[in-house]
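Worksheet: the structure to be examined is printed underneath.
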Amino acid sequence: MNRAARWMALCCLLALAGALLCGCAGGRPAPAQDGAESLVVVGFSQVGAESDWRNANTLSMQQALSPENGYRLILDDAQQKQERQITAIRNFINQGVDYIVLAPTTEKGWDTVLGEAKAAGIPVIIVDRMIEVADTSLFTCWIGSDFRREGDTAVAWMEEHLQGPLRIVHLQGNIGSSAQIGRTEGLDAGLAAHPEWELVFRGSGDFTQAKGQELMEALLARDTGFDLIYSENDNMAYGAIDALRAAGLAPGRDVTILSFDASGHALRLILSGEINFDVECNPLHGPRVQAVIEQLRRGETPPKFTYVEETAFDAEGLSEAVIDGRGY
Ligand code: AHR
């Protein structure tokens, strides 16, 4: 081989090696070491940690919007305060998140901050409770429970199982939240239809066990003349049950207990006879939100409003196996 031919052969070898190296690198930018730049960033403003339901809801969101599934979830716990949620949403906007998920404390007061999210071009997905805004284009879609229907379900059970006069204690949730509004409307409709039913006490326990117990202790100190407790969530019912036990009353027998959420512990209290009826409120919204984000990323339009399917439980047909088979 002469000098020119050797030179040509060397050039060909170098070109081949270069092409092979390029092929290995794939011509794409190397991912950052933690892969973070490719994750979809979601800011989630959560109501708080007031109940077992809420904790199950947070866990469901964390599991669905995980790095393994391609997400970075920024969770903010508002401790049941709307002003903290407004601050959290503004922080998400400043951080330039891809999506905002809001589980609202109350229905009203979101117009301004959601207007800011819209101006920033960030889609907002509402979960659990509803919001009331003048312009529904301020949020992309809503997924949650039909709280009025839950209240009606509880009242239908009362009508079917309890005859004659009924003195009712009503423990309300966080005033102004859809869960409180719908469940209270259901009971009010029952009271209007049944003159033999009497509301002897109504007060808000903010959906917490401690406040439910506090309200019942204060009531029991002055009056034990009631037959039924309509508790707008399981944690307040747990507090009420503790207060009844301490006062020497048998929950579920001396006093009928109706509750909402149907979390695992409450269903076990149905088995032991201390809760009589529990209307399900399903907290497993994580996969639902994930599906909506995936639809949006594909350029599709998810339904504006999605009500989740829910059921209700009394002792009939309930077993440990049924409880174990549920996700919360
Ligand atoms: O909005 C859902 C309600 O909020 C649940 O019933 C309650 O437990 C929670 O705190």
Could you give the dipole magnitude of region 130-205 about its Cα centre, charging the beta-carbon of Lys and Arg +1 and that of Asp and Glu -1, in debye to the nearest 20? 220 debye
Estimated FRET transfer efficiency (ASN55, LEU191; beta-carbon r; R0 25 Å; 0.05): 0.20
Quick one: putting +1 on the C-beta of Lys and Arg, -1 on the C-beta of Asp and Glu, what dipole do you get for the chain around its Cα centre, in Debye to the nearest 20? 2060 debye
Residue by residue, what Karplus-based ³J(HN,Hα) values in Hz, rounded to whole numbers, does region 150-164 have, using 6.51, -1.76 and 1.60 with θ = phi - 60° and x for Gly and Pro? 4, x, 5, 5, 5, 5, 4, 5, 4, 4, 7, 9, 10, 9, x
Among ALA291, THR301, GLY317 - extreme Cα towards positive end, dipole of region 283-328, charges at beta-carbon: THR301
Output for region 126-177 (equivalent-ellipsoid semi-axes, sqrt of 5λ from the C-alpha gyration tensor, Å, descending) is 32, 13, 8
Amide H contacts of VAL255 (H built 1.01 Å from N, under 5 Å, at least 5 apart or other chain): ALA250
How far, in degrees from 0 to 90, does helix 82-95 lean away from the longest principal axis of the Cα atoms of the chain, to the nearest 10? 10 degrees
Quick one: angle between helix 52-64 and the longest Cα principal axis of the chain, in degrees between 0 and 90, rounded to 10, please. 10 degrees
Rg and Dmax in Å for the chain, alpha carbons only: what are they? 27.1, 114
Rounded to the nearest 10 degrees, what's the angle between the helix 3-25 long axis and the longest principal axis of the chain, both from Cα atoms, 0 to 90? 0 degrees
Where does each of 113-121, 37-45, 156-164 land if you order them by average Cβ count within 10 Å, highest first? 37-45, 113-121, 156-164
Qualifying GluC sites (Glu not before Pro) for region 172-232 [loop in DSSP, other Cβ within 10 Å: at most 12]: GLU196
Expected unfolding gain across SER137-ALA210 under the 0.36 nm per residue rule, minus the alpha-carbon gap, is 22.4 nm
So what is the relative contact order of the chain, in percent, for Cα pairs below 8 Å that sit 6 or more residues apart? 16 percent
Over region 254-328, calculate the relative contact order: mean separation of alpha carbon pairs under 8 Å at least 6 apart, over the residue count, as a percent. 38 percent
Mind listing the phi-derived Karplus ³J(HN,Hα) values for region 97-108, rounded to whole Hz, using 6.51, -1.76 and 1.60 with θ = phi - 60°, and x for any glycine or proline? 5, 7, 9, 10, 10, 10, 9, x, 5, 10, 7, 9
Which FRET efficiency value, to the nearest 0.05, is calculated for THR224 and LEU271 with the Förster distance at 22 angstrom and r the Cβ-Cβ distance? 0.25
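Only the coordinates and a few stated rules stand behind these numbers; no lab work does. If you're wondering where the values come from, they're calculated on a predicted model, not measured in any experiment. Neighbour counts are summed over all protein chains in view; Cβ atoms, including those assigned to glycine, are modelled from backbone coordinates with ideal geometry.
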